[in-house]
Amino acid sequence: MELRFLNKKLENLYTSGRSPKYKLDKQVIISFFEVVSILEAAKDIHDLWKQPSLNFEKLHGSPVRYSARLNRQYRLEMSIEWLDEALTVGILGLEDITNHYGG
């Protein structure tokens, strides 16, 4: 699957390892890099569902929004621009790291 950063601050975190917007624990940042590597290596959406640690899931209320867990508290949210009719291959648009519990 192809990746695109839809958020410049998130892209900055990926390229430099830090970002003023994302004041995250070092372990969350390490998890972010690990998850991005898994996303890049995936050939299709089935590869993501096969990874239990990702807890890759569709977000309620949108046919194209998904998330992958970084840890118990944070997740990486993304959208998928589907490239096939079976909705298995697409371009992952990385959007944000969010606090799953809003706090």
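The numbered conditions (1) surrounded by 14 or more Cβ atoms within 10 Å (Cβ to Cβ); (2) assigned to a helix (DSSP H, G or I); (3) modelled with pLDDT of 95 or more are all true for residue 37 except (1). Filtered by the rule that a residue be assigned to a strand (DSSP E or B), under 15 Å from residue 38 (Cα atoms) and touching a helix residue (DSSP H, G or I) at 6+ places or on another chain (Cβ under 7 Å), the range 62-82 gives 68, 69, 76. None of 4, 69 is basic (Lys, Arg), in contact with a Leu (Cβ under 9 Å, 6 or more places away or on another chain) and touching a residue at least 40 places away in the same chain (Cβ under 8 Å) except 4. Residues in the range 38-61 that are in contact (Cβ under 8 Å) with a residue 12 or more places away in the chain, out of contact with any helix residue (DSSP H, G or I) (no Cβ under 7 Å at 6 or more places or on another chain) and of a type in the set (Gly, Ala, Ser): 1 in all.
The values are calculated or read from the model by the stated rules, or taken from the named source; none is laboratory data. Predicted model only: the values in this text are computed from it and were never measured. All Cβ positions, even for glycine, are placed from backbone atoms using ideal geometry, and neighbour counts span all protein chains on display.
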